[in-house]
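The values are calculated or read from the model by the stated rules, or taken from the named source; none is laboratory data. None of these values were measured; they are calculated from a predicted model. Here Cβ is always computed from backbone atoms with ideal geometry, including for glycine, and neighbour counts include all displayed protein chains. We work out accessible area using only protein heavy atoms, side chains counted, and drop any ligands, DNA or RNA first. Shrake-Rupley method; radii C 1.70, N 1.55, O 1.52, S 1.80 Å.
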Amino acid sequence: MKKSNWIILAVLAVAAGFFLWLWYYLGFNFVDDPFDLVLAVVWWAVVVVLVIGIHTAEKRRQQRVRTVFVGDGAVFNSEKGLMSFEGTKPMQDVVASILENLKYDFTREDLPERDEFDAKYFIRTKEFDVEKKDETQAEEAPLPADPAQPSGSADASEPKKWTGEVVVVETKEERPFDTPEELAAILASLDQKAA
């Protein structure tokens, strides 16, 4: 949820508390049936549970969108689809370029069949944040057709926070990482095993 949504929710919660206090201060609890008060409290409890549920579901959906499957010469992301590449750019930079340009909209591509794309491993990203060197130029630069090529400017963005796990498809082995450096070490070890 956006920060402004949390602020609105906090203001509404304070207002609800104030009106509850006012209800008792003005003596409405003697006039009206107490069931109205119980109904109001239950209503706000339901609203709070719904807000927490929606927030949790959205965080899970965004995490699924950030998952990138890696195969030989191709990567797949549910928002961007299947992308082939040829180049010497490190896989970490290719995946970072994809994650940096996600819109988190509700378009979804299906995972290709195994004969079309054979994933060796996938990177499940929990948190990803980049430090852009040139904000205006980075926002205007579109995602390159070839994710192995730099994203339009010499001032590429560097991930400052990247946590998640790499899962090897064949063995179901999960390797967690907490920094971009740990991810680079994991990907280097996977490349050595494949060679």
What pairs can you find where one residue is in segment 1-23 and more than 24 Å from ARG60 (Cβ to Cβ) and in the same structural domain as ALA45 (by the TED database), the other is outside any helix (DSSP H, G or I) and charged (D, E, K, R), and their Cβ atoms are less than 9 Å apart, with a gap of 6+ or different chains?
TRP23/ASP32
Across segment 16-37, which residue is least open to solvent (accessible area, probe 1.4 Å) among those that are of a type outside the set (Gly, Ala, Ser) and under 27 Å from TRP6 (Cβ atoms)?
LEU37
Can you name the residue in segment 77-94 that is under 17 Å from the mean Cα position of the chain (by Cα) and free of Cβ contacts under 8 Å to residues at least 40 places away in the same chain and is also farthest from VAL65 (Cα to Cα) among such residues?
GLY81
Search segment 107-131 for residues that are in contact (Cβ under 8 Å) with a residue 24 or more places away in the chain and pair each with any residue that is hydroxyl-bearing (Ser, Thr, Tyr) and in a strand (DSSP E or B) when their beta-carbon atoms are under 7 Å apart and the residues are at least 6 apart or on different chains.
LYS126/THR163; GLU127/THR163
Is it the case that segment 30-49 has a residue that's in a loop (DSSP other than H, G, I, E, B) and at positive phi?
no
Selection within segment 165-181 - closer than 19 Å to GLN63 by Cα and in a helix (DSSP H, G or I)
PRO180
